[in-house]
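The values are calculated or read from the model by the stated rules, or taken from the named source; none is laboratory data. Remember, it's a predicted structure, so these values are computed and weren't measured experimentally. Glycine also receives a Cβ, built like all others from the backbone with ideal geometry; neighbour counts cover every protein chain displayed.
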Amino acid sequence: MFGSKTVTDEQKIEELLTRRIEAVFPSKEEAEKRFKEGKELRVYLGIDPTGPHLHLGHTIPLLFLKQLLELGHKPVLLIGDFTARIGDPTGKETARKSLTEKEVKNNMINYLGQVYKILPKGSFEVKYNGSWLSKMSFQDLVELASHVTVQQMLQREMFQRRLWKWKCPNCKKVSHSQIQFGTQEAYDTAMMQDNSTKCSHCGQIVPLEKKAIFSETELRPIGLNEFLYPLMQGYDSVAMKIDGEVGGNDQTFNMLVGRDLEKKLLNKDKLVFATKLLVNAESGKKMSKTEGGLISLSDSPQDMFGKTMKTVPDEMIELVFRLCTEKPTEWIEDKKRSEPYDFKKELASELVRMYYDEKEAVKAWQEWDRVFSRGELPSEMEEVEGGRLVDVVEASGGVSSTQAKRLIDQGAVRINDEVVKEWDRQTNKGDVLQIGPKKFVRVK
C-alpha cells in the first residue's frame, strides 16, 4: 500500500483520532488538518523488545497504525534494540534490569512474528534504533543533552515519587527536600547541624532537620541512564525525520521530548498520538496486572479464550472491544446489552478469530462450554512431571511453594476429581489435577 493515495474522508479521520486516542499533540485540530491535506505521513510506534511476548496493550497502537495504513499513510515500527538494553523507567519505581544483546535479538524475532498478525508483512517500515544510537559519540550525547533540562526530566511523576521529601515543622505541609541523598546509606550516615530553610508554602524560615526529611516509598536511586532513556527515545524521532508518533498514554512524556527535539533540531512539528490504556475505571489498575496473567498474542487459541474469560472484568469488556478489536461501534453498542458472561464470550471469540481464524475461535468457544458449562474434562491438557502434590502444583500453576500449599489447604486442588489436602501426596502417571476452578493438567 506504500505510495497509494491517502484517504481524507472526515468520518474515517474522526474514527482514527477518537476510538483509541486519549490525547493528540499539538492538538486534535492540527492532526485533522494534516490528514485532510492528503499528504502521506510517516507515523511510528516504538517497541522495546524487553520480553518474548506482545500482549493486548500493545495491540492498541498497532491497530491505530493499521487504521493509518488503510488511510494510505506509512506506518513505521521502530524496534528499540539499543534502548531495550538500557530499560525504559516508565511506570517503574525500581530500576529496570538491562538485557543482553542475545536476549534482545531473540525477543525481536518473536515480536515481529506477532506484529505480522496485525500488520501484513511488507506493509510497514521496520527500523532499529541501534543503527543510529550505537554510532553516537560522547560528544554527540552531550550536545543532544544540552537541549533537555534536569528540571524537565524531574517533572515525571515516577521520578517525583523517588525524591526525598521534607515536612515543614511550622505549617506541616510537604515539599521536595532541598537536600537529596543519593542512597539510604547516605541518609543514615549524614550529619546535619545548624541548617535552616524557607518553606515554600508558609514562607517561614525554619530549621532544616534530618528527622523532617523522609521518603514516601522505599528509596530507589534515580540512575543517570534513566534520565538518558527519554533523551534517546526522543532522538529516534530526529533520526527518522518522522511526521508522527503513537504510543500509550503513559509514554506521553517521552514522546513529547521527541517532539521538542525534532522541532529544535529539524524545525519539524511532529504529531503525537497518546493512546488510551486498558485501565479499569473502578479500580484504577491496568487490566494486564489482574490475577491470571497477561493475554499474549502468542497464547494458544484455548489459552487466549480462557484468559479473556478469567482476566477481563465485566466492567472492562466494552473497553477491550473498542480498543483491541475492529468491531464496529454500532455492533459493540448492540451486544453490550446482553448478559456480561455472553458479551465476554463474544470478546474472547473475536480475539481468537483476529489472531488465528474463525475455525479456531469456534473450537475455543466449544471447549470452554464443554469444560466450564457442562463440567467435562478439557480435550487437551498440559502434561507435567509427577512427584509430590505441592511440587506439581507449584510447577504447573505458576505459583510459589507457599501459594501451592495454601491452595491445597483451601481444598482448591483435586486429583481425579477428589479434593486432596496432603502436601506430600504422590501423584501417579495419568492423574488429572485440577488447580482452582479452571486449571487442568495431566501427570505424564
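In the condition set (1) under 19 Å from Lys439 (Cβ atoms); (2) in contact (Cβ under 8 Å) with a residue 24 or more places away in the chain; (3) part of a helix (DSSP H, G or I), Ala395 is compliant with all but (2).
Consider the range 324-337. How many of its residues are more than 17 Å from Val352 (Cβ to Cβ) and touching a helix residue (DSSP H, G or I) at 6+ places or on another chain (Cβ under 8 Å)? Number of matching residues: 3. Do we find that Arg414 is touching a strand residue (DSSP E or B) at 6+ places or on another chain (Cβ under 7 Å), over 29 Å from Phe321 (Cα atoms), touching a residue at least 24 places away in the same chain (Cβ under 8 Å) and surrounded by 12 or more Cβ atoms within 10 Å (Cβ to Cβ) in this structure? Answer is no for this residue. The strands (runs of 3 or more DSSP E) falling completely within the range 19-99 that include 1 or more residues that are among the aliphatic types (A, V, I, L, M), surrounded by 22 or more Cβ atoms within 10 Å (Cβ to Cβ) and modelled with pLDDT of 95 or more map to 42-47, 74-79.
Check the range 100-123 and report whether any residue there is within 26 Å of Glu262 (Cα to Cα) and modelled with pLDDT of 95 or more. Taking every residue of the range 100-123 in turn, at least one turns out to be within 26 Å of Glu262 (Cα to Cα) and modelled with pLDDT of 95 or more.
Let's see how each residue does on (1) assigned to a loop (DSSP other than H, G, I, E, B); (2) touching a Pro at 6+ places or on another chain (Cβ under 8 Å); (3) of a type in the set (Ser, Thr, Tyr):
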| residue | (1), (2), (3) |
| --- | --- |
| Glu350 | no, no, no |
| Met354 | no, no, no |
| Lys359 | no, no, no |
| Lys363 | no, yes, no |
| Trp368 | no, no, no |
| Glu376 | yes, no, no |
| Glu380 | yes, no, no |
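Scanning the range 294-308 for residues that are outside any loop (DSSP other than H, G, I, E, B) and either buried (at least 18 other Cβ atoms within 10 Å of the Cβ) or in contact with a Pro (Cβ under 6 Å, 6 or more places away or on another chain) (or both) yields Ser296, Pro301, Gln302, Met304, Phe305, Gly306, Lys307, Thr308. Taken together, Gly248, Gly244, Gly234, Gly258 contain a single residue that is buried (at least 18 other Cβ atoms within 10 Å of the Cβ), closer than 30 Å to Ser134 by Cα and without any contact (Cβ under 8 Å) to a residue 40 or more places away in the chain, which is Gly258. Would you check if there is a residue in the range 418-426 being surrounded by 11 or more Cβ atoms within 10 Å (Cβ to Cβ), under 24 Å from Met309 (Cα atoms) and without any contact (Cβ under 8 Å) to a residue 60 or more places away in the chain? There is no residue in the range 418-426 that is surrounded by 11 or more Cβ atoms within 10 Å (Cβ to Cβ), under 24 Å from Met309 (Cα atoms) and without any contact (Cβ under 8 Å) to a residue 60 or more places away in the chain. Is it fair to say Glu226 is closer than 23 Å to Ser134 by Cα and at pLDDT 95 or above? Spelling it out, it is not the case that Glu226 is closer than 23 Å to Ser134 by Cα and at pLDDT 95 or above. One residue stands out in the range 347-387 among those that are in contact (Cβ under 8 Å) with a residue 12 or more places away in the chain and in contact with a Lys or Arg (Cβ under 6 Å, 6 or more places away or on another chain): the one that is surrounded by the most Cβ atoms within 10 Å (Cβ to Cβ), namely Ala361.
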